[in-house]
Amino acid sequence: MNFVLVHGAWHGGWCWRDVAALLRNAGHQVFTPTMTGLGERAHLLNAEVGLSTFIEDICAVIRSEEIADVVLVGHSFGGPVITGVADRMPQALHSLIYLDSLIVQNGQSALSILPPAVQQERSRTIDPEGLRMAIPAPDKFGVSDAAQMAWMARQLTPHPLKAYTEPLMLQHPFGNGLRKTYIAVTEPWYPPLAALRESIRSQPDWQWRELAAGHDAMLTSPAALAAMLQALAAG
């Protein structure tokens, strides 16, 4: 199976290291791209980098690697990214897996669907250039292990503001006919997504799974997450 693992805000492909290793050891092909303006690509940030850039980043990986039957996994902010990819190139995809992620509908921005208090908090962290949102503390991602928090502190980078404010524009219904699953983490729950999770859980066209992990489940529970991803891909 081909997995493309899409990271969330402030992160990069680095965060999938352990999950990717487990999936590869099980015989799968795994890609962990970093989106423009983040991680090792932080130096590419400019005022034009937004959600549509991120969507094209992932589409370009799928095209250039010439992969098909892709299990596309989006963590947190990666949710609207994989929705956009599915809208553009469903023929290359097997299924969509939303890992404790934002669910952004056509015409919405990621910032617009967050609770007002979270919107205000994020807005207060914008840099003077108006390009970036500052990095939250590692414990905001449900991580408590000291070594993991230290690694995150070294790797996290400011997030492109336009990616949060640019609306997601879809040409087709959400998911574009692909099977879609939502994985909600439970230890602890990630407060900004509470209301959104409940709206998804009640929808019959979604599969629902829960994982006893923190929001950054790829860091806190890589083995359990890798096993769940494989089971969903096979199912």
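With respect to the conditions (1) on the phi < 0 side of the Ramachandran plot; (2) surrounded by fewer than 16 Cβ atoms within 10 Å (Cβ to Cβ); (3) in contact with a Leu (Cβ under 8 Å, 6 or more places away or on another chain), Gly107 falls short on a single one, namely (1). Picking from residues in the range 175-208 that are surrounded by 14 or more Cβ atoms within 10 Å (Cβ to Cβ) and of a type in the set (Gly, Ala, Ser), the one that is nearest to the chain's Cα centre (by Cα) is Ala184.
Checked against (1) surrounded by fewer than 17 Cβ atoms within 10 Å (Cβ to Cβ); (2) in contact with a Gly (Cβ under 8 Å, 6 or more places away or on another chain); (3) closer than 20 Å to Glu166 by Cα, Val6 passes all but condition (1).
Checking Ala195, Ala233, Ala217, Ala224 one by one, the residue that is touching a strand residue (DSSP E or B) at 6+ places or on another chain (Cβ under 8 Å), closer than 25 Å to Leu111 by Cβ and among the hydrophobic types (A, V, I, L, M, F, W, C) is Ala217 and no other.
Under the condition of being assigned to a helix (DSSP H, G or I) and surrounded by fewer than 24 Cβ atoms within 10 Å (Cβ to Cβ), the residues counted in the range 56-83 number 9.
Here is the figure for the range 22-46: residues that are part of a helix (DSSP H, G or I), in contact (Cβ under 8 Å) with a residue 60 or more places away in the chain and at negative phi total 3. Restricting attention to the range 157-212, the residues that are of a type in the set (S, T, N, Q) and touching a Phe, Trp or Tyr at 6+ places or on another chain (Cβ under 8 Å) add up to 3.
A short reminder: the numbers here are calculations on the coordinates, not readings from a lab. This is a predicted model, so every value here is computed, not measured. Here the Cβ is made from the backbone with ideal geometry for all residues, glycine too, and neighbour counts use every protein chain on show.
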